[in-house]
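Notes follow once the structure below has been shown.
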Amino acid sequence: MLKNEWKNVGRNDLCPCGSGRKYKKCCLKRQTPAAMDYKRYYKQKYDIRLKEPEEVEKIRSAGRLVVSALEDVESMIAPGITTNDINRVVHDIAEKSGALCAPLNYRGFPKSVCTSVNEVICHGIPGEYALVDGDIINVDITYILDGYYADASKSFFVGSPSPEARRIVSASASCLLAAMDVLAPGNTIGDIGFAIQTLAEKRGCSVVREFVGHGLGRNFHEPPQVPHFGRKGEGITLVPGLVFTVEPMINLGGADLFIAEDGWTAITRDRRLSAQFEQTFLITEDGYESLTPYDLSPFTG
Ligand code: MF3
Ligand code: CO
Ligand code: CO
């Protein structure tokens, strides 16, 4: 099952069995390698903390709150609503539920949620802007509940969407679904990026390179990084207990971006539309479980 992991081991690398010794001094000379201790090996080799079932349960609880807040936001989206209104709702839900909004004061981020409108790729800061008919908006919510993070986002239409808005939202939702198809032990992080990039480019869209999915648990951003582009078979092998986000940012035009004066807002260089969907996933023995589950099919067009 973990063919990729054993295949790439060099004589002087850490032994994948987790012993902490060199491969040549350990399982290389055994007839049958010891069972892999993924937990020790992934910590030693990649600084990745695979999660215990108790930790997964806490992320799942935080995830339920994130998904229900996304539903509440979805129902309020309409022309005239400001991004500050969305910030208030997301923040109030946290307060009522004993959760914290992870973005607030994260590396100086000034608000409780990211609201990214039209050509904004991600990290849009809520403010006085009032939504207009035809806009698209990504709302990205991360709560901390009982010390554990869950992170998810959706892109919404405001009023009636333009054909371009439909096309980019459909492409980005489809890209997340394509990624979900390859979430299983034995596949690699590169398989995820390959699935996303292949579909995005088939749809005539481009993939943002500067921002990636990420591990999470007790921290907002932990190893591994999860690029939304790549090659089959490259990168870390997925193993049970791995928890990370996939959050492809897909552009209608080119992949290039710039950061606004506020130091946060990422905007497409050509000012064309960008959309994103994000969920937090757990790799299981036989596939994956979304810890922030919601149905993507309404968005695929
Ligand atoms: N939620 C974003 C992510 O998916 C991170 C936002 S960082 C913030 O990783 F500071 F902008 F909130
Ligand atoms: Co994220
Ligand atoms: Co997010």
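The values are calculated or read from the model by the stated rules, or taken from the named source; none is laboratory data. Because the structure is predicted, anything quoted here is derived from the model rather than measured. Positions of Cβ are backbone-derived with ideal geometry, glycine not excepted, and every protein chain shown enters the neighbour counts.
Hey, can you tell me all the residues within segment 240-264 that are part of a loop (DSSP other than H, G, I, E, B) and surrounded by 20 or more Cβ atoms within 10 Å (Cβ to Cβ)? Walk me through how you get there before you give the answer.
Restricting attention to segment 240-264, the residues satisfying the condition of being part of a loop (DSSP other than H, G, I, E, B) are 240-242, 247-248, 252-256, 260-264.
Correct list: Gly241, Leu242, Glu247, Pro248, Leu252, Ala255.
Condition (residue is more than 30 Å from Leu50 (Cα to Cα) and either in contact with a Lys or Arg (Cβ under 9 Å, 6 or more places away or on another chain) or modelled with pLDDT of 95 or more (or both)) applied to segment 216-230: is it met by at least one residue? Write out each step before concluding.
To start, the set of residues in segment 216-230 that are more than 30 Å from Leu50 (Cα to Cα) comprises none.
Checking segment 216-230: not a single residue is more than 30 Å from Leu50 (Cα to Cα) and either in contact with a Lys or Arg (Cβ under 9 Å, 6 or more places away or on another chain) or modelled with pLDDT of 95 or more (or both).
Looking only at residues in segment 220-239 that are buried (at least 19 other Cβ atoms within 10 Å of the Cβ), assigned to a strand (DSSP E or B) and not polar (S, T, N, Q), which one is farthest from ligand 1 (Cβ to nearest atom)?
The extreme case among them is Pro224.
So that you can scan it fast, the table gives a plain yes or no per residue for (1) within 16 Å of ligand 3 (Cβ to nearest atom); (2) out of contact with any Gly (no Cβ under 6 Å at 6 or more places or on another chain); (3) not basic (Lys, Arg):
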| residue | (1), (2), (3) |
| --- | --- |
| Val132 | no, yes, yes |
| Thr142 | yes, yes, yes |
| Arg167 | no, yes, no |
| Ser170 | no, no, yes |
| Ala179 | yes, yes, yes |
| Leu183 | no, yes, yes |
| Asp191 | no, yes, yes |
| Gln197 | no, yes, yes |
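Collect the residues in segment 56-84 that are in a helix (DSSP H, G or I), of a type outside the set (Gly, Ala, Ser) and surrounded by fewer than 18 Cβ atoms within 10 Å (Cβ to Cβ), keeping them in residue-number order.
Initial filter on segment 56-84 (in a helix (DSSP H, G or I)): 56-76, 83-84.
Checking the rest, the ones that are also of a type outside the set (Gly, Ala, Ser) come to 56-60, 64-67, 70-74, 76, 83-84.
Scanning segment 56-84 gives Glu57, Arg64, Glu71, Asp72, Glu74, Met76, Asn84.
So is Gly190 under 28 Å from Arg40 (Cα atoms), of a type outside the set (Lys, Arg), within 13 Å of ligand 1 (Cβ to nearest atom) and assigned by TED's automatic domain parsing to the domain that holds Glu71 or not?
In short, no.
Sort out for me the strands (runs of 3 or more DSSP E) sitting completely within segment 113-179 that have 1 or more residues that are among the charged types (D, E, K, R), more than 15 Å from ligand 2 (Cβ to nearest atom) and in contact with a Phe, Trp or Tyr (Cβ under 8 Å, 6 or more places away or on another chain). Before you say what the answer is, go through the steps one by one.
Working: elements: 114-117, 120-122, 136-145, 148-157.
Passing ranges: none, list empty.
Select from segment 265-301 the residues that are assigned to a loop (DSSP other than H, G, I, E, B) and either surrounded by 13 or more Cβ atoms within 10 Å (Cβ to Cβ) or within 16 Å of ligand 2 (Cβ to nearest atom) (or both) and list them in ascending order.
Start the filter on segment 265-301 by keeping residues that are assigned to a loop (DSSP other than H, G, I, E, B), which leaves 265, 269-273, 277, 285-286, 291-296, 300-301.
Matches in segment 265-301: Thr265, Arg269, Asp270, Arg272, Leu273, Phe277, Leu291, Thr292, Pro293, Tyr294, Leu296, Thr300.
Which of the residues belonging to segment 118-140 are within 20 Å of Cys101 (Cα to Cα) and among the β-branched types (Val, Ile, Thr)?
Ile125, Ile137, Val139
Out of Ile137, Ile125, Ile121, report the one residue that is buried (at least 24 other Cβ atoms within 10 Å of the Cβ) and either away from ligand 1 (no atom under 14 Å from the Cβ) or touching a residue at least 24 places away in the same chain (Cβ under 8 Å) (or both). Before you say what the answer is, go through the steps one by one.
Working: Ile137 fails: buried (at least 24 other Cβ atoms within 10 Å of the Cβ); Ile125 fails: buried (at least 24 other Cβ atoms within 10 Å of the Cβ).
Answer to the selection: Ile121.
Is segment 55-62 home to any residue that is closer than 23 Å to Ile144 by Cα and free of Cβ contacts under 8 Å to residues at least 24 places away in the same chain? Talk me through it step by step, then tell me what you get.
Taking segment 55-62 first, the residues closer than 23 Å to Ile144 by Cα are 55-62.
Those still in the list that are free of Cβ contacts under 8 Å to residues at least 24 places away in the same chain too: 57.
Yes; the residues of segment 55-62 include at least one that is closer than 23 Å to Ile144 by Cα and free of Cβ contacts under 8 Å to residues at least 24 places away in the same chain.
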